[in-house]
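**Q** Have a look at this one before I ask anything.
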């Protein structure tokens with residue numbers, strides 16, 4: 001009986017030693033080797049004389065032999081466990097479809113092995129079906145670079161399935177099915193393409209959210225704290241309750257933070273589960289601990305030598321007895337967006353290393369005593385200021401905008417203001433501007449402003465249809481121009497750049513009927529030492545019926561103009577103010593041209609303009625806070641008071657040769673973040689054109705035209721100021737009772753306009769900024785100040801979208817509905833869609 005046991009045992013051990021193995025669990029014994037019989041009941045000791053590997057084309061043969069542990073010179077019992085283990089070791093690698101272990105020969109006590117293998121095919125490509133292009137990209141990134149490096153085996157299948165199901169689970173697809181097929185790759189030997197067929201099903205929705213452990217908070221209230229995970233409800237028509245695992249994980253953190261904010265500092269989430277409710281929905285169960293509600297007790301300060309406790313308490317603003325909130329505590333100490341926290345008080349006065357540590361010294365009942373332990377540190381002076389990352393713009397252009405100057409005390413407020421001013425240049429990505437203070441041991445601090453250049457030049461190239469004819473426009477704006485390098489060939493990239501100057505060229509024509517050309521140049525630091533800006537511009541335009549001037553039926557208007565301006569930044573009333581002086585000369589030449597107070601003749605408009613503005617917007621393209629105020633006075637000399645012309649009997653040539661007027665304009669824009677990324681914009685505008693002498697009457701030019709897109713395109717009648725108003729056609733908002741044919745072409749001397757707008761950003765990157773808007777507008781025009789009534793307005797409302805591209809400027813499309821019909825104007829003056837191209841970011845639109 002014992003011999004039978006020995007026979008069974010040796011067969012189990014010895015048979016695998018000489019076997020063709022297609023499954024690591026099975027082995028077929030081979031009893032003879034080169035005509036020699038092996039005695040399984042009397043194993044012999046052999047020395048391995050060598051091991052070869054056959055059948056392998058892509059794997060490292062030496063590595064495979066080492067893994068088998070059949071190494072030359074090693075002693076082995078044959079038959080024995082070593083040969084069986086060699087097979088097991090190779091199978092464990094998951095690299096082979098078939099393995100044979102052969103004894104090629106035996107010389108005395110030396111044995112030679114040959115390992116014959118069939119390699120599994122390699123992965124040469126992945127093909128996905130059933131998912132979107134973006135999902136394919138994300139999944140491939142998560143799988144990593146497996147092509148050409150991975151064997152197609154169960155491990156690949158399992159890994160791929162796990163990555164796909166986890167990815168789609170987090171996107172709300174709970175019941176994903178993954179199937180595989182393979183096909184030979186005709187371009188590569190022993191390679192296969194893995195076809196991954198994905199049935200992701202539908203995104204599940206949240207049927208029910210249940211809470212356990214809540215006593216003070218009702219479940220309905222707690223569900224509101226899960227901002228991005230919503231329970232289905234019959235009244236939720238849009239986007240009701242689609243589940244997203246990533247957003248749910250964020251919600252859980254915000255959920256607990258919200259409870260802490262409400263005074264429940266011990267609140268915690270004990271457990272949660274997401275379970276299958278049915279084939280289309282899931283349920284969520286959240287087990288929580290509320291704990292008691294806490295209140296602030298005694299608040300004390302330790303370590304404050306610079307500022308007294310009374311001042312710190314005033315700035316801190318939290319009184320004993322208020323609901324305890326660590327979020328509010330942190331905000332009052334160092335996290336206020338408005339800079340009115342305790343930390344900013346110190347950081348704006350040079351205390352760069354200031355720190356405050358709020359310690360909860362005593363908790364009794366529902367009350368928490370807090371001790372503010374302050375480390376003031378030394379007062380730092382700015383030593384060196386530098387800029388890095390500006391590959392095009394010269395250092396001085398950036399450094400002159402920075403408010404942290406060597407020798408000044410360090411100031412957080414000045415640091416933030418410097419970042420804003422760099423952003424206002426328009427040459428850098430505001431989100432990448434990062435000032436880094438580097439304190440020195442001698443009480444000074446070096447500050448490095450890290451910046452990243454972005455495209456700032458703009459091009460306007462368009463073709464349109466207006467006045468029954470095709471019109472083409474070409475505009476070029478270079479926002480980082482360098483005039484001093486104009487004659488240096490090596491500076492052209494494609495034009496000289498780097499000095500922060502602005503050069504603009506624009507042409508618009510449809511041939512002989514309409515032509516308009518303009519040029520402008522501005523230098524923000526005239527002379528290079530003080531923030532005094534200089535600008536010069538010139539333009540000429542012609543609009544006619546295309547006939548020769550000698551033809552009696554010819555009519556046309558030409559406008560020529562040139563202007564010079566000087567501006568400077570002010571320090572009073574505060575350093576947000578700026579003042580601009582300009583002198584402008586325009587020439588109007590009319591030949592039988594209708595729509596003005598005179599139809600033939602020349603008129604000259606020499607005026608001086610004074611403009612004062614305050615701009616505290618925190619962003620130039622998409623402001624989320626701050627304001628923009630502008631007041632402008634424009635006036636000509638009062639010719640009629642000293643030229644001895646009797647205007648009661650004067651001809652049109654005398655009356656209008658020298659245009660005289662005084663013009664007053666005011667604009668205010670306010671921006672405020674409502675909640676999250678939603679921003680409110682409020683705007684009010686007013687304009688008035690007055691005269692010096694009633695005998696002369698109103699000026700024929702410089703009037704206001706309200707309505708439409710506000711763009712100065714083909715229908716622009718020169719000498720007027722165009723004000724946009726969505727929902728109405730261009731120039732359609734005319735005074736009540738006015739002659740439409742005259743009022744629309746000549747404009748009005750008085751206007752007012754109001755805007756309320758909600759804005760939400762959808763793209764905010766270096767390449768583009770895009771936002772959606774919901775707006776309401778109101779405005780009107782008048783011919784006499786006696787008729788002016790700021791509450792008697794035409795109204796509109798609508799929605800829109802705008803995108804800012806550095807190369808094109810601000811582009812927009814709006815749909816507006818006008819509530820008030822304008823008598824005598826085509827279609828009642830209404831126009832639903834409004835398009836804007838290269839629209840100005842600020843200004844009187």
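**Q** Looking only at helices (runs of 4 or more DSSP H) that fall completely inside the range 1-109, which ones have 2 or more residues that are modelled with pLDDT of 75 or more?
**A** 61-68, 81-91
**Q** Hey, among 385, 397, which residue is touching a helix residue (DSSP H, G or I) at 6+ places or on another chain (Cβ under 9 Å) and surrounded by 17 or more Cβ atoms within 10 Å (Cβ to Cβ)?
**A** Going through 385, 397 in turn, the sole match is 385.
**Q** Of (1) crowded, with 17+ Cβ neighbours inside 10 Å; (2) at pLDDT below 90, residue 600 satisfies all except one. Which?
**A** (1)
**Q** Now a separate question. Please find, within the range 131-152, the residue that is farthest from residue 182 (Cα to Cα) out of those that are modelled with pLDDT of 80 or more and in a loop (DSSP other than H, G, I, E, B).
**A** My answer is 132.
**Q** Another question, then. Taking the range 98-115, which residues are surrounded by fewer than 16 Cβ atoms within 10 Å (Cβ to Cβ) and touching a residue at least 24 places away in the same chain (Cβ under 8 Å)?
**A** Selection gives 98, 104, 105, 107, 109, 110.
**Q** Looking only at the range 307-324, filter to residues that are touching a helix residue (DSSP H, G or I) at 6+ places or on another chain (Cβ under 7 Å) and part of a loop (DSSP other than H, G, I, E, B); which one of those is nearest to residue 348 (Cα to Cα)?
**A** Here the answer is 307.
**Q** In the list 799, 813, 822, 763, which residue meets the criterion of being part of a loop (DSSP other than H, G, I, E, B) and either closer than 15 Å to residue 710 by Cα or in the same structural domain as residue 618 (by TED's automatic domain parsing) (or both)?
**A** Result of the check over 799, 813, 822, 763: 822.
**Q** Answer yes if at least one residue in the range 183-203 is outside any loop (DSSP other than H, G, I, E, B), at negative phi, at pLDDT 90 or above and out of contact with any helix residue (DSSP H, G or I) (no Cβ under 7 Å at 6 or more places or on another chain), and no otherwise.
**A** yes
**Q** Sticking with this one: Right, residue 370: surrounded by 13 or more Cβ atoms within 10 Å (Cβ to Cβ), touching a residue at least 60 places away in the same chain (Cβ under 8 Å), in a strand (DSSP E or B) and touching a strand residue (DSSP E or B) at 6+ places or on another chain (Cβ under 6 Å) or not?
**A** yes
**Q** Out of everything in the range 798-807 that is more than 16 Å from the chain's Cα centre (by Cα) and crowded, with 17+ Cβ neighbours inside 10 Å, what residue ends up being farthest from residue 621 (Cα to Cα)?
**A** Ranking the qualifying residues of the range 798-807, first place goes to 798.
**Q** Step by step: first the residues of the range 617-654, then only those that are surrounded by fewer than 16 Cβ atoms within 10 Å (Cβ to Cβ) and in contact with a strand residue (DSSP E or B) (Cβ under 6 Å, 6 or more places away or on another chain), then the one that is nearest to residue 689 (Cα to Cα). Which residue is that?
**A** 633
**Q** Condition test on residue 349, is it under 26 Å from residue 626 (Cβ atoms), touching a residue at least 24 places away in the same chain (Cβ under 8 Å) and either touching a helix residue (DSSP H, G or I) at 6+ places or on another chain (Cβ under 9 Å) or assigned to a helix (DSSP H, G or I) (or both)?
**A** Judged against the criteria, residue 349 is not a match.
**Q** Scanning for something in contact (Cβ under 8 Å) with a residue 60 or more places away in the chain and surrounded by 15 or more Cβ atoms within 10 Å (Cβ to Cβ), does the range 227-241 turn up at least one residue?
**A** Within the range 227-241 (the criterion being in contact (Cβ under 8 Å) with a residue 60 or more places away in the chain and surrounded by 15 or more Cβ atoms within 10 Å (Cβ to Cβ)), the answer is no, since none of the residues qualifies.
**Q** I would also like to ask the following. For the structure I just gave you, tell me whether residue 675 is closer than 30 Å to residue 805 by Cβ and out of contact with any strand residue (DSSP E or B) (no Cβ under 8 Å at 6 or more places or on another chain).
**A** Against the criterion (closer than 30 Å to residue 805 by Cβ and out of contact with any strand residue (DSSP E or B) (no Cβ under 8 Å at 6 or more places or on another chain)), residue 675 qualifies.
**Q** Then there's this: Here are some residues: 543, 553. Which one is within 20 Å of residue 596 (Cβ to Cβ) and free of Cβ contacts under 8 Å to residues at least 60 places away in the same chain?
**A** 553
**Q** Let me ask you something else. Going by what's in this entry, would residue 201 be described as within 36 Å of the chain's Cα centre (by Cα) and farther than 30 Å from residue 121 by Cα?
**A** Considered against the rule, which asks whether it is within 36 Å of the chain's Cα centre (by Cα) and farther than 30 Å from residue 121 by Cα, residue 201 comes out as yes.
The values are calculated or read from the model by the stated rules, or taken from the named source; none is laboratory data. Keep in mind the model is a prediction, meaning the values are calculated, not measured. Note that each Cβ is placed from the backbone with ideal geometry, even for glycine, and that neighbours are counted across all protein chains shown.
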